[in-house]
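Structure, as structure tokens:
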Amino acid sequence: MSGTVRATKEALLPAPAERVWQVVTSLEDTAWRSDLREVNDLGEGRLVEVTKEGVSTTFATVVWEPGRRWAFTLENPNLTGRWEGVFQPREGGTWVRFTEEVTPRRWYLRPFVKGYLKRQQARYLADLELALG
């Protein structure tokens with residue numbers, strides 16, 4: 001994909017893998033996400049997240065390996081792409097790797113996408129750490 005930007009964030013979270021998986025994949029309890037207004041489950045592995053700013057992003061699951069890996073495609077008016085979360089039990093908690101790869105729909109957004117992804121990933125991880133206690 002031309003113009004594709006990729007960002008990866010890894011961390012060791014001090015919680016069991018089952019708990020981390022449950023928090024990340026729950027579509028009923030999303031209040032831990034400080035960036036979201038709502039999440040709508042469309043069924044069949046599809047969902048829509050609406051940010052507090054009102055931007056809707058549609059996600060479609062492409063890999064579902066319970067407790068191990070979740071990947072989906074994503075698209076909104078500004079970008080298209082893919083997200084993947086990998087979860088591995090480790091001594092003292094769970095190692096996670098979140099990778100997002102997106103292509104901006106408008107050429108002038110490209111210079112800002114890498115920074116945007118890094119900020120989003122840092123916020124997501126910070127929210128997740130708070131949710132896990």
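Below, the figures for the structure above:
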quantity	calculated
Sparse-neighbour loop sites [trypsin sites (Lys or Arg not before Pro); segment 73-133; at most 10 other C-beta within 10 Å; DSSP]	Arg106
Cα shape, the chain, gyration tensor, a/c 1.5 rule	prolate
Calculated FRET efficiency for the pair Val55/Thr25, C-beta based, R₀ 22 Å, to 0.05	0.50
Where labels lie 7 Å past Cα in the beta-carbon direction, separation of Arg119 and Glu38 in nm	2.6
Qualifying trypsin sites (Lys or Arg not before Pro) for segment 33-70 [loop in DSSP, other Cβ within 10 Å: at most 11]	Lys52
Ellipticity estimate at 222 nm from DSSP helix runs (n ≥ 4, -39,500 (n - 2.57)) divided over the chain, nearest 500	-8000 deg cm²/dmol
Neighbour cut-off at most 10 other Cβ (10 Å), DSSP loop, GluC sites (Glu not before Pro), segment 61-100	Glu91
Eligible aspartates and glutamates near Lys114 by straight Cα distance, threshold 13 Å, same-chain separation 8 or greater	Glu100, Glu101
Rounded accessible area per residue of segment 11-57, 1.4 Å, Å²	57
Nearest 10 degrees, 0 to 90: helix 110-132 Cα axis against the chain principal axis	20
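The values are calculated or read from the model by the stated rules, or taken from the named source; none is laboratory data. The model shown is predicted, which means the values in this text are computed figures rather than measured ones. Note: ideal-geometry Cβ built from the backbone for every residue, glycine included; neighbour counts use all protein chains shown. Keep in mind that these areas ignore ligands, DNA and RNA; they rest on the heavy atoms of the full protein, side chains included. Shrake-Rupley method; radii C 1.70, N 1.55, O 1.52, S 1.80 Å.
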